[in-house]
1. Give me the residue from the stretch 26-49 that is under 30 Å from VAL164 (Cα atoms) and assigned to a strand (DSSP E or B) and, out of that set, modelled with the lowest pLDDT.
2. Can we say ALA62 is touching a Ser or Thr at 6+ places or on another chain (Cβ under 8 Å), buried (at least 20 other Cβ atoms within 10 Å of the Cβ) and not in a loop (DSSP other than H, G, I, E, B)?
3. I'd like the full set of residues that are within 21 Å of TYR221 (Cα to Cα) and open to solvent by 20 Å² or more (accessible area, probe 1.4 Å), limited to the stretch 160-171.
4. Please count how many residues of the stretch 118-141 are buried (at least 18 other Cβ atoms within 10 Å of the Cβ) and more than 28 Å from PRO170 (Cα to Cα).
5. Taking only the stretch 26-50 into account, find how many residues are open to solvent by less than 40 Å² (accessible area, probe 1.4 Å) and within 23 Å of TYR111 (Cβ to Cβ).
6. Among the residues of the stretch 142-159, count how many are part of a strand (DSSP E or B), of a type in the set (A, V, I, L, M) and surrounded by fewer than 20 Cβ atoms within 10 Å (Cβ to Cβ).
7. Can you tell me how many residues in the stretch 121-141 are part of a helix (DSSP H, G or I) and over 22 Å from MET71 (Cα atoms)?
8. For the stretch 78-117, what are the residues that are open to solvent by 60 Å² or more (accessible area, probe 1.4 Å), assigned to a helix (DSSP H, G or I), more than 21 Å from LEU172 (Cα to Cα) and touching a helix residue (DSSP H, G or I) at 6+ places or on another chain (Cβ under 7 Å)?
Amino acid sequence: MMKFVDFLPYDKSIWLFPNGFCLVERTPSLRQQSFLYADGDILSVKAIEFFKLTPSDNPEVAVVVANEPPMLMPTELFDAKDAMKLISLQYDAAKVEQTFDTEVDVYQMIYFLYKDEKSALDRLGIRAHYLSYWSLAYHFVLQECASANLIWADEHNGYLDLLVQKNNKPMLFNRFKYVQAEDELYFLMNVKQQFQLDDKTVVCFHSYLTRPSLKSLLTKYIDKYTIID
């Protein structure tokens, strides 16, 4: 995640994940703090403490939305008025407060805030600028690797995020729950087969690898493999 901070135009940021959040401030020196959700108030309480916010403050803060995988719609077919309808095909729209979209290659990436997230953020009195974690990930991937076919993976708190590119086009942004290293290997090999990415052309790289046992498995089954520290 911290690799993506360089893409943010704001020094303060809030990262919303499915089971918690991370608070980041870049100046005067980089610091961060992560929390698991306990109740609806913890986000606003911890953010006020971390950023030392007062009622008179109104800082600009990047809110990086990584709560759920996004939906993709070809840009030429996308109409912003239909965003909630598209979200409801995969998620419970009754729990969604606000939708956003951003262009990624030939697609419009649709993401959203849940009602409890929006309520907590509104209590902070910040000028929030919403960004998609998945869009940041894609631009990070393009910067790190020039391969036309690749799989990028990132793990955090029991979740494995996967991004697949084939013939220089984004094909998949998704998230899976994992328990052990073999689960992660299964997901990686499955998308490799699903998108017919052969060993001669695909590059697989992983950010923030926390399981040493996974490294030995991956280097055994995938030829072109890189770990980004």
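The values are calculated or read from the model by the stated rules, or taken from the named source; none is laboratory data. Since the model is a prediction, treat every value here as computed from it, not as a measurement. Backbone-built Cβ (ideal geometry, glycine too); neighbour counts: all protein chains shown. Heads up: the accessible areas ignore ligands, DNA and RNA and are worked out on the full protein's heavy atoms, side chains in. Shrake-Rupley method; radii C 1.70, N 1.55, O 1.52, S 1.80 Å.
1. Per the stated criteria, the residue is LEU36.
2. So ALA62 fits the description; yes.
3. If the condition is that a residue be within 21 Å of TYR221 (Cα to Cα) and open to solvent by 20 Å² or more (accessible area, probe 1.4 Å), then LYS166 is the only one that fits.
4. Final tally of qualifying residues: 4.
5. Residues meeting the conditions: 5.
6. Of the residues in the stretch 142-159, 0 are part of a strand (DSSP E or B), of a type in the set (A, V, I, L, M) and surrounded by fewer than 20 Cβ atoms within 10 Å (Cβ to Cβ).
7. Of the residues in the stretch 121-141, 2 are part of a helix (DSSP H, G or I) and over 22 Å from MET71 (Cα atoms).
8. LYS95, LYS115 - these are the residues of the stretch 78-117 that are open to solvent by 60 Å² or more (accessible area, probe 1.4 Å), assigned to a helix (DSSP H, G or I), more than 21 Å from LEU172 (Cα to Cα) and touching a helix residue (DSSP H, G or I) at 6+ places or on another chain (Cβ under 7 Å).
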